[in-house]
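Nothing in this text is a laboratory measurement; each read-out follows from the coordinates by a stated rule. Quantities reported herein were computed from a predicted structural model and do not represent experimental measurements. For neighbour counting, all protein chains shown are included, and Cβ atoms are generated from backbone atoms with ideal geometry for every residue, glycine included.
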Amino acid sequence: MTAGYALFAGGTILLFPAVLTFARIVAARCPRLAWWGGTIFGASLFARLYYSGIDLTAFQLVDTLGLQQATEVVLESYAELSYGLWRIPVTGALGALVGIVLLTIGAFRSGTIGLGRGVLLLSFGWVFMGVLKQSDLIFGVLGGGVAICVVFIPLGIAVLRDRIRPLHTTATPMTDTTPIRTTPIAW
């Protein structure tokens, strides 16, 4: 179990620069959506780390105190553990939902991802978050891990091969030469 939580924490830490890079790619065409979505969703990754730490601690208490006493300790302090100090982890968890929606809309509008990968990206934002939450194979693994891999791995390869559009855009002059109407419109 410790190895599983360590891999989850390592993956979450590695996901942070991937989300920031993805937001930077999206920002070439949709800067506001990319900035807000990337910032809010990136911050939500820290809530995932908080919850995985609480989960691992609760399971380690079973080894130390025994099942009955560990269950009592966790149940007595479940609200404080779940909501965290000043509700910061819960706010971060909500940020996952809001941030992933903004980031997905920006990525779709910018042409970075299509509709299918956009749906997969949205499904990753809805992966469980909280203290001692149950997950299943379809929603937890396929909706989370596989979905984010399908979205980010091709983009990561493109970034490494330097095949992403430039991160800065220059304004292009309008080429339309249609004259502007100068006479008032009669209503």
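Before moving on, here are some points about what is shown:
- Only one entry in LEU75, LEU61, LEU102, LEU81 is loosely packed, with under 14 Cβ neighbours inside 10 Å and in a helix (DSSP H, G or I), namely LEU75.
- Candidates PHE124, PHE108, filtered to the one that is over 13 Å from the mean Cα position of the chain (by Cα), in a helix (DSSP H, G or I), surrounded by 16 or more Cβ atoms within 10 Å (Cβ to Cβ) and free of Cβ contacts under 8 Å to residues at least 40 places away in the same chain: PHE108
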